[in-house]
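Below: the structure, in structure tokens.
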């Protein structure tokens, strides 16, 4: 019988400790152990991107990451995107642009888009398309998601210029 | 005075204040923050995890199932097989949208004696966690007597075909029942006029045969159900479903229980498109719960979903249409055979009823066959049955136009169904919008922009789908602060609760934001039919309208009481309640007073209207085909849809765009590819594919064809036949000509004929690119591998520790 | 009305009704709209009635 391991992570800015077996994925731990069900399971093989979280700032499919390998890592999930001050601009842009229908893929898209805007605050449409290629959206034809991400980018860019 | 019906309201030409606006959806914040609870997010004390054993064979008799080793595994609490399912006689239940044979439903949920498709559930286990449950499932030993499978309608319809259901006989209204065992479950025939005479009058006749592939709805959220069979016998089911009342009814029928013994609590649902109308898991979870005394959750994974849940049927269709020298259709004939999967019930009926529905056909004959094959039992997928049929018809129409030298839009206009046209299946159309959608395309910038460049073609297609009415219930409570809590039973796949709230708000003269809609369980609201068939905005919206009128009546009576006057002296006008001597309350003012002056004001509404308009559409697409690889790039796409009045335009647009994306996927790259073992794979469009869609002018045209359309008649049937057909028709200008197969990407006989060495060359797909890490990934300085396309980690762990196919670190491997 | 049809076309009723209900899998339209009340729907002497397969949606 395999022993559980202690794993320590920082999740959404908070230090967290959990026990897990080596075979358990980060997705399973997030949802079942840490009760962070905002990250969704769509395919369990890295195809749909619904389980996208940020691992040390990089977007990953958490269904493909073993929990034991995140020891010491910083993880961000959809639950950490909004703050006490309200929704992140990306989140409100998704709502304003009606960029979700059933909403199951929305957390994954928001996490993936977040990394894009952090790396590239003023992406072209093509860049948005290709950065989000790892996320599947079945309800609508992607257009409103692109618009939402571009809107969020447009709102962020002037702010960054001001800060500079 | 409030109009007596939504149609009357529309005819008054009062400008809307709420309808047609774009409020933020009420469930939006929960969905962008991850708070919304979908089916698999449920957590209950003592909850066990369930796993299902599925058939490895497409067709087999189950000789024995030995569960002893699984039962001995520590952590296993219950095991069920088909023998645990109650005996249900071959009963057919009328469940709102078509008939269901309960025996077949029961066997599809857990096989009883025979496996009809690879992936057919045979047994289920409940254990402490999912890993133990899967381990136990692997220990269940099934002995099969493998039988020869039939995997397409042609083989299944042969006289010597292996028989899948021994007691199946062909049902037909036209013929006397036969006692011959068969795989043909049903034969439909519709006739109008004299087809032979009609063809004799034709100058040009085109007859073609088509094959379409099995395609899955592809919802991102797999099926899930959690059940608790309580000690008092009451069963609670938490599930993602398109119809909680249907799930309740089907579960009750299969378990042979009274319907009130079951409560279904609908969770948020991650896509359905028709595929989450039937049940697969609730009875299994319930039986496991009964045996274990604990709640049990069963989640499907992606493989289970594709292998075991109803995709839309593959089909074989022959269409023959004749037209005179002026381009008027003189006769049309169709022969359609749809795969039902392992049990009868393909959407052959709507396929037959839609195949020529766009046109005024004086003489027609349609034969349709529902055929069982060794594949998962098919189910609805947005305009079920119509898509296959329209692909065939529109392709033949296109060829007719070419032979006659007639513009394809002009041809459609000259033959368009309109008010008074009688369909071949019988009913006469009331006012419809077929011509208007064609004209919209004719007038579009897209159509009037010439297409230039090599290997490019333009295709156009029209399509039709019904809208359902059926039953819905709503209650609405006026709170003291003037906001209204709206309670309804239509599970919300794509924003419908907001559309329904908007209709209530419009009627009451309040803001959409002042309505708080909630989707509730089957004990908390009256019967409500499924979320499907483009019915919710219409039917549940109508129920909300009735509830709002009920509130208006009560508010009028309350104001009359407060003013000491008769209710006849008081009127409700656009959110104000006004009486004699210019006395007026705002809705908020009277709500505050009402709380102190009598019983709570609660509106009740229900509907079983069945007069929604049918939906027509015409689409045009420009494509470019690479003659060497067959890769198809969509250059531009324009959709004209008759939607009536759009309640929430953003979600109408979303429905159109989603339907177009799905149609393109169906036309170009989605299919089940079967080998002899009935293994299948499928692929859905991704963002870079949809790049081609974005650059298109995918403007939906929400102008209703008729001012008299009720505001609630908002057709949300966006997908449909037209896209696939338009995609096919574009090939007529290109090397290789038209294509009789869907999807096109993998099968290109014309290309193959010219370049036989390219037969095995498939257009690299994004999914393949992701999987082929060696092609597109790079290894960074830490030894981690990530995909340069989406910058996503594809594998993990230091390279030196990585085993092929896994990424277990050395330290974990040694720990076992 | 069905009784009248049965007189003209023997055995037809058995294909359309089961007990006091429409046979499962069938629906009926009266004057252009689906009869929500099935066999209890009111018909007039000049009503146009169609028996059609019941269809589902996606």
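Only the coordinates and a few stated rules stand behind these numbers; no lab work does. Everything numeric here is computed off the predicted structure, so don't read it as measured data. Cβ: placed from backbone, ideal geometry, glycine included. Neighbour counts: every protein chain shown.
Before moving on, here are some points about what is shown:
- Calculated P(r) tail over 16 Å for the range B:565-614, as whole % of Cα pairs: 59
- Nearest-0.05 FRET efficiency for residue B:35 and residue B:581, computed from C-beta distance (R0 60 Å): 0.75
- A Förster distance of 22 Å, applied to the separation of the beta-carbon atoms of residue B:169 and residue B:145, puts the FRET efficiency at 0.35.
- Axis angle, to the nearest 10 degrees, between helix A:106-119 and the longest C-alpha principal axis of chain A: 70 degrees.
- Between the range C:6-45 and the range B:567-585, the alpha-carbon center distance in angstrom: 47
- Scaled radius of gyration (Cα, divided by 2.2 N^0.38 Å) that the range B:162-316 gives: 1.46
- Rough spin-label spacing in nm, given labels placed 7 Å along Cα→Cβ, for residue A:127 and residue B:477: 5.1
- Relative counts (whole %) of C-alpha pair distances in the range B:203-261, using bins that are 10 Å wide: 16, 34, 18, 13, 10, 7, 2, 0
- P(r), alpha carbons of the range B:469-608 - 10 Å bins starting at zero, rounded %: 14, 44, 28, 13, 2
- Cα centroid separation - the range A:1-50 against the range B:409-486, whole Å: 46
- Estimated at 0.36 nm per residue, the fully extended path between residue B:66 and residue B:595 surpasses their Cα-Cα distance by 184.0 nm.
- Additional length obtainable on full extension of the chain from residue B:178 to residue B:629, 0.36 nm per residue less Cα span: 157.4 nm
- Length-normalised contact order of chain A in % [C-alpha pairs under 8 Å, at least 6 apart]: 22
- Averaging 1/r over each pair of different alpha-carbon atoms in the range A:89-154 and inverting the result gives 11.4 Å, the Kirkwood hydrodynamic radius.
- Panel order for B:674, B:16, C:9, by other beta carbons found within 10 Å of each beta carbon, from fewest to most: C:9, B:16, B:674.
- Where only alpha carbons of the range A:5-80 are counted, the Rg and the Dmax (Å): 10.9, 30
- Residue mean of other protein chain beta carbons inside 10 Å, A:87-99: 4
- Out of every Cα-Cα pair that chain A contains, those further apart than 21 angstrom amount to 46 percent.
- CD proxy at 222 nm, helix term only [per DSSP H run n ≥ 4: -39500 (n - 2.57); per residue of chain A; nearest 500]: -9500 deg cm²/dmol
- By the count of neighbouring beta-carbon atoms within 10 Å, fewest first, B:447, B:229, B:666 end up ordered B:447, B:229, B:666.
- Inter-chain Cβ neighbour average for residues A:59-69, partner chain, 10 Å: 5
- The mean count of C-beta atoms from other chains within 10 Å of the C-beta of residues in B:346-359, rounded to a whole number, is 2.
- Descending semi-axes in Å of the range B:404-508, equivalent ellipsoid built from Cα gyration tensor: 42, 21, 13
- By the Kirkwood approach, averaging reciprocal distances over each pair of separate Cα atoms, the range B:249-294 gets a hydrodynamic radius of 11.9 Å.
- The slack between residue B:154 and residue B:328, meaning 0.36 nm per residue of separation minus the straight C-alpha distance, is 59.3 nm.
- The Kirkwood radius of chain C, taken over pairs of alpha-carbon atoms, gives through the Stokes-Einstein law at 20 °C and 1.002 mPa s a diffusion coefficient of 178 µm² s⁻¹.
- Computed E for residue B:485/residue B:138 - FRET, C-beta separation, R0 41 angstrom, nearest 0.05: 0.25
- Counted over the range B:469-608, the DSSP beta bridges are approximately 75% antiparallel.
- Neighbour-count ranking [beta-carbon atoms within 10 angstrom, fewest first] of A:17, A:79, A:41: A:17, A:79, A:41
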